[in-house]
Amino acid sequence: MELICLTVLGLLYFVLFISCFWLIVFLDNMSELKKDPNPKKKYFISAIVPAYNEEKTIAETINSLLKQNYPRKFFEIIVINDGSTDATRKKCEEYSKKGLIRLINQKNGGKANAMNNAIKRAKGELIYVLDADSCADENSFKHLIGYFDNPRVAAVTSSMRVTCKESFLQKIQWVEYLFSILMRKIMSLFNCLYVTPGPGSIYRKKVIKEIGGFSEETLTEDMEIAFNIQHHNYVIENSLNSTVLTNTPDKLTNLIKQRRRWYTGFIEDSTSYKHFYFNKSKGFLGRFLLPANVLTTIALIFLTSYSVYTILDSFFVSYSNIGAVEFNFLSMIQPEKLPLLIYGINLYTIMGLIFMIVSIIIIYFSLKTSDEEINLKNNFLNYIFYLFFYSLLMTLFWTDSIIYKLMFRKNNKGWKYG
Amino acid sequence: MAEKKHSTNFYFITAFFVSSVIFISGIGIGMIINELKSSSISSSIEEMSSSLADAEIELLLMDYLGSNLSCDYLMLKSSDLSIQSAELGNKLDLFEESNQVNSESYIPLKEDYMRVLIKNWLTLENIKKSCNANYSTILYFYNNEGCASCENQAFVLQYYKNLMQNDVMIFAIDSSLNMGIIELLRYNYDIHEYPSLVINGEPYPGYQNMTVLGGLL
């Protein structure tokens, strides 16, 4: 057997093992996943909205916080206008004049800097962060706070859903985000969450202060802080019921930009916390999840690139062959070949089918977890795009991020916006 | 932290067991399909062998009886043999393309096919001679290793096969196989480069493009 076949089969087995692992954990714990603990006391929450040039969405974001089904006297809303050059400040002032929010205007210093600034002024025991392009569900606070009765809990993340699924890319992201909702919940069972996303994560202020706040030297402050929390052996939880609606990029250039930040951020943050890898004291995250994620990424890039290479190679051979007969398609007519296609089935075809079935099962449970209807009539294309193009896009984003990190990112400066 | 029902090791062991069962089943199904394909090709080769044996006996009978009346029947027979041979060749091509994991199982089948193919060529040449048939026979020598234009040549040949139907009979000889009969043919027609064609007994070394081949036929 050739080395390439062995490598492909080995990586396929690994990916299958990982998929089975998460599916089994999910099925075994399915009945418990949606239960959030009831809080023993009321916590005062400071909801922070860092905003930079968000004039189009900021009002909706603030309104979603104002509608929270939580006693108004137990939460405040702080909007940090981080040197916006559009009408963000004006829009926020309309709310602050009515006493509905506290508005802090600062020179543009980046998201992490804005949040650190807001945390210093926040009165709350808990800090709820909401990106200015996202909206919280009215029961978000209620679902999140019960976890903080456990003093080891430093943060709780929400379930992020996509608002718009119009474009091809947004359709894929809609399924991807539903899958992430499922994955984050299962990962929280092992306390191995290593990102507390900007939209809808809540933190214990005391812990944030203890660990030095949000890093201003990283591309992904929400990932760095999660690593930092794990480093200090605190717990990160997830609530399936607390949902946040967020916008996703509709154009490839914007999506590449977003993923470059995320994945380069992952490379840098996981390198900064490299002592986690294979470290028993870092629990499941260090012992298994981080090394497995690296290997899964390698498998994804290798298997997708190999498939693309095989398809392109056969395409070029066919093109050359048709060229040899001056693009006369008479040469392609081989009627007796169609019923013989069964002879073309091989181990890769079977493995491909197995992975297709596993992916469909995962999508089904992702939808079930998020209480979304399968609705094939409206969502059929979303599933098809996800099944056939997701790994291709991920390979593109990872390759882009690795090249960007190796060739272009000389100084590890923090991210601002955009 | 929310409590999971079982220990992490329990999940690892279960996942290992389940994924191994699925993976091994996948490999098993692949092997069964491979075996089915292989045995189907074997029986097709056997079928073709007996068709060829029939044709040979029919030729001998025609010779013995000194009659040309069987020629119409033999011409029909040669067309059937050509179709059978093309179908078998396609099965083998697909089997070869798909059989990336265990290419060793393919070689004995291909060798059997080559024997039948060359026998078919001989039979059709004999029918052609005995019945003064006017179809062209082409021996197409190719090599799977280091022959960039072999696929192009196959495509050009397929074009003329589709165009001329039973007026041309093509026999693709895989020169990468280590077989005495192929060596003998190569030696006889002085074949040193790939692709090479032998059209009606006349060797044409190198790639023959669409225009040149059209002229030769």
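The values are calculated or read from the model by the stated rules, or taken from the named source; none is laboratory data. Nothing here was measured: the structure is a model prediction, and the numbers come from that model. For neighbour counting, all protein chains shown are included, and Cβ atoms are generated from backbone atoms with ideal geometry for every residue, glycine included. These accessible areas exclude ligands, DNA and RNA; they are computed on the full protein's heavy atoms, side chains included. Shrake-Rupley method; radii C 1.70, N 1.55, O 1.52, S 1.80 Å.
Within region B:86-99, residues that are at the interface with chain A (Cβ under 7 Å from one of its Cβ atoms) sit with their Cβ atoms under 6 Å from residues that are open to solvent by 40 Å² or more (accessible area, probe 1.4 Å), at 6+ positions apart or across chains, in these pairs: B:87/A:336; B:90/A:337. Within region A:139-192, the set of residues being under 11 Å from the mean Cα position of the chain (by Cα) and free of Cβ contacts under 8 Å to residues at least 60 places away in the same chain comprises A:180, A:184.
Give the number of residues within region B:3-12 that are open to solvent by less than 90 Å² (accessible area, probe 1.4 Å) and within 8 Å of chain A (Cβ to nearest Cβ).
Quick first cut of region B:3-12, residues open to solvent by less than 90 Å² (accessible area, probe 1.4 Å) only: B:4, B:6-8, B:10-12.
Add one more test, that the residue is within 8 Å of chain A (Cβ to nearest Cβ), and what stays is B:4, B:6, B:8, B:11-12.
Of the residues in region B:3-12, 5 are open to solvent by less than 90 Å² (accessible area, probe 1.4 Å) and within 8 Å of chain A (Cβ to nearest Cβ).
Can you find even one residue in region B:34-44 that is under 30 Å from residue A:190 (Cβ atoms) and out of contact with any Asp or Glu (no Cβ under 9 Å at 6 or more places or on another chain)? Within region B:34-44 (the criterion being under 30 Å from residue A:190 (Cβ atoms) and out of contact with any Asp or Glu (no Cβ under 9 Å at 6 or more places or on another chain)), the answer is no, since none of the residues qualifies.
Listed conditions (1) among the polar types (S, T, N, Q); (2) in a helix (DSSP H, G or I); (3) surrounded by 19 or more Cβ atoms within 10 Å (Cβ to Cβ) are all met by residue A:281, apart from (3). Test residue A:382 against the criterion of being modelled with pLDDT under 90, out of contact with any helix residue (DSSP H, G or I) (no Cβ under 9 Å at 6 or more places or on another chain) and over 22 Å from residue A:22 (Cα atoms), and give yes or no. Here the answer is no, as residue A:382 does not meet what is asked. Every residue in region A:342-400 that is more than 13 Å from every other protein chain (Cβ to nearest Cβ), part of a loop (DSSP other than H, G, I, E, B) and on the phi < 0 side of the Ramachandran plot, please. Selection gives A:370, A:372, A:373, A:374. Counting only residues that are touching a residue at least 60 places away in the same chain (Cβ under 8 Å) and at the interface with chain B (Cβ under 9 Å from one of its Cβ atoms), region A:21-31 holds 4 of them. With respect to the stated conditions, residue A:108 is in a loop (DSSP other than H, G, I, E, B) and in contact (Cβ under 8 Å) with a residue 24 or more places away in the chain.
Of all the numbered requirements in (1) at the interface with another protein chain (Cβ under 8 Å from one of its Cβ atoms); (2) open to solvent by 20 Å² or more (accessible area, probe 1.4 Å), residue A:37 misses one, and that requirement is (1).
In the list A:94, A:76, A:55, which residue meets the criterion of being surrounded by fewer than 21 Cβ atoms within 10 Å (Cβ to Cβ), touching a residue at least 40 places away in the same chain (Cβ under 8 Å) and among the charged types (D, E, K, R)? Walk me through it before giving the result.
Numbers: A:94 fails: touching a residue at least 40 places away in the same chain (Cβ under 8 Å); A:55 fails: touching a residue at least 40 places away in the same chain (Cβ under 8 Å).
Result of the check over A:94, A:76, A:55: A:76.
Residue A:235 - would you say it is modelled with pLDDT of 95 or more and farther than 15 Å from residue A:157 by Cα? Answer is no for this residue. Restricting attention to region B:136-193, the residues that are of a type outside the set (Ser, Thr, Tyr) and open to solvent by 20 Å² or more (accessible area, probe 1.4 Å) add up to 30.
Looking at region B:194-206, can you tell me whether even one residue there is within 18 Å of residue B:158 (Cβ to Cβ) and open to solvent by 20 Å² or more (accessible area, probe 1.4 Å)?
We begin by selecting, within region B:194-206, every residue within 18 Å of residue B:158 (Cβ to Cβ); these are B:194-199, B:204.
Narrowing further to those that are open to solvent by 20 Å² or more (accessible area, probe 1.4 Å): B:194, B:204.
Yes, there is a match, as at least one residue in region B:194-206 is within 18 Å of residue B:158 (Cβ to Cβ) and open to solvent by 20 Å² or more (accessible area, probe 1.4 Å).
Flag: residue A:198 matches the condition of being crowded, with 19+ Cβ neighbours inside 10 Å and in a loop (DSSP other than H, G, I, E, B).
Is region B:190-203 home to any residue that is assigned to a loop (DSSP other than H, G, I, E, B), within 14 Å of chain A (Cβ to nearest Cβ) and touching a strand residue (DSSP E or B) at 6+ places or on another chain (Cβ under 9 Å)? Don't jump to the end; show me each part of the working.
Kept after step one, since they are assigned to a loop (DSSP other than H, G, I, E, B), are these residues of region B:190-203: B:190-195, B:200-201.
Add one more test, that the residue is within 14 Å of chain A (Cβ to nearest Cβ), and what stays is B:195.
Then keep just the ones that are touching a strand residue (DSSP E or B) at 6+ places or on another chain (Cβ under 9 Å); that gives B:195.
Among the residues of region B:190-203, at least one is assigned to a loop (DSSP other than H, G, I, E, B), within 14 Å of chain A (Cβ to nearest Cβ) and touching a strand residue (DSSP E or B) at 6+ places or on another chain (Cβ under 9 Å), which makes the answer yes.
Yes/no per residue for (1) surrounded by fewer than 21 Cβ atoms within 10 Å (Cβ to Cβ); (2) in contact with a Lys or Arg (Cβ under 6 Å, 6 or more places away or on another chain); (3) not in a helix (DSSP H, G or I):
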| position | (1), (2), (3) |
| --- | --- |
| A:183 | yes, no, no |
| A:225 | no, no, no |
| A:236 | no, no, yes |
| A:240 | yes, yes, yes |
| A:249 | yes, no, yes |
| A:253 | yes, no, no |
| A:257 | yes, no, no |
| A:261 | yes, no, no |
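Scan region B:46-65 and give yes if some residue there is within 11 Å of chain A (Cβ to nearest Cβ), at pLDDT below 90 and more than 30 Å from residue A:26 (Cα to Cα), otherwise no. No, there is no match, as no residue in region B:46-65 is within 11 Å of chain A (Cβ to nearest Cβ), at pLDDT below 90 and more than 30 Å from residue A:26 (Cα to Cα). Of everything in region B:13-33 that is open to solvent by 30 Å² or more (accessible area, probe 1.4 Å) and at the interface with another protein chain (Cβ under 7 Å from one of its Cβ atoms), the residue that is farthest from residue A:187 (Cα to Cα) is B:33. In the set (1) more than 18 Å from residue A:249 (Cβ to Cβ); (2) assigned to a helix (DSSP H, G or I), residue A:212 fails one condition alone, (2).
Test residue A:245 against the stated conditions and say whether it is more than 14 Å from every other protein chain (Cβ to nearest Cβ) and in contact with a Cys (Cβ under 9 Å, 6 or more places away or on another chain). Against the criterion (more than 14 Å from every other protein chain (Cβ to nearest Cβ) and in contact with a Cys (Cβ under 9 Å, 6 or more places away or on another chain)), residue A:245 qualifies.
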